[in-house]
Amino acid sequence: MKPLAEPLTARRAAQIIMIATFLVTLAGGVLIWLLDHKEFPNLGTSMWWALQTVTTVGYGDVVPADTKGRIIGAVLMLQGIGLITVVAAAVTATLIEQVRKRRNTDDEDSVTAMHLKRIEARLDEIERALSVERRSTDEPDDSAP
């Protein structure tokens, strides 16, 4: 089964964007390290910068000095914004779906209760009718000689 053939849900979109963000962050960290050894002397420093950039924290302890590094930073920032947006949307969609299910259950419960009340009322009518019928058959007929 092709992964793209599955319907896109909020949860699936969040998974896709999380994987993409991880890969872009990893690539950004490696690229900045390869392109700017002066500002990013080791892979650890470059990965730290990529992580804080994609999460939009941006401590500023290490920053790219040239245009190539700033372009990588811009891509990471946009990816981070996408990640935050999609994750927030997925959480919101999940909460809304839970409320919707709860309401449907409550509606079903109220419909069931309404049907039970009708059934009980009908049973009461039948019971009264049977009671009246029993009394009429139990009483002696006074008109007989």
Seminar exercise, completed: Output row, site L130, 7 Å Cα→C-beta label point, backbone N cut-off 11 Å, window the range 107-123, residues 123
Problem set entry | Positive-end residue of H37, Y59, I16, charge dipole of the range 1-138 with Cβ unit charges | H37
Seminar exercise, completed: Carbon/sulfur accessible area of the chain, % of total, 1.4 Å probe, equals 64
Exercise. Counting Lys and Arg as +1 and Asp and Glu as -1, each charge on the Cβ, what is the dipole of the chain about the Cα centre in debye, to the nearest 20?
Worked result: 1240
Problem set entry | Of the GluC sites (Glu not before Pro) in the range 51-145, those whose Cβ has at most 12 other Cβ within 10 Å and which sit in DSSP loop | none
Exercise. Tell me, what ³J(HN,Hα) does each residue in the range 99-113 have, in order and in whole Hz, if you take phi through Karplus 6.51 cos²θ - 1.76 cosθ + 1.60 with θ = phi - 60° and put x for Gly and Pro?
Worked result: 5, 4, 5, 4, 5, 4, 5, 4, 5, 4, 5, 5, 5, 4, 4
Problem set entry | Kirkwood estimate for the chain, i.e. one over the average of 1/r between Cα atoms, Å | 21.2
Exercise. Heavy-atom accessible area per residue, the chain, 1.4 Å probe: how many Å²?
Worked result: 76
For this session: Report the calculated FRET efficiency for A93 and V63 (r = Cβ-Cβ distance, R0 = 30 Å), to the nearest 0.05.
Result: 0.25
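The values are calculated or read from the model by the stated rules, or taken from the named source; none is laboratory data. Computed from a predicted model, the values in this text were never measured in an experiment. For neighbour counting, all protein chains shown are included, and Cβ atoms are generated from backbone atoms with ideal geometry for every residue, glycine included. Quick note on the areas: whole protein, heavy atoms, side chains included, nothing else; ligands and nucleic acids left out. Shrake-Rupley method; radii C 1.70, N 1.55, O 1.52, S 1.80 Å.
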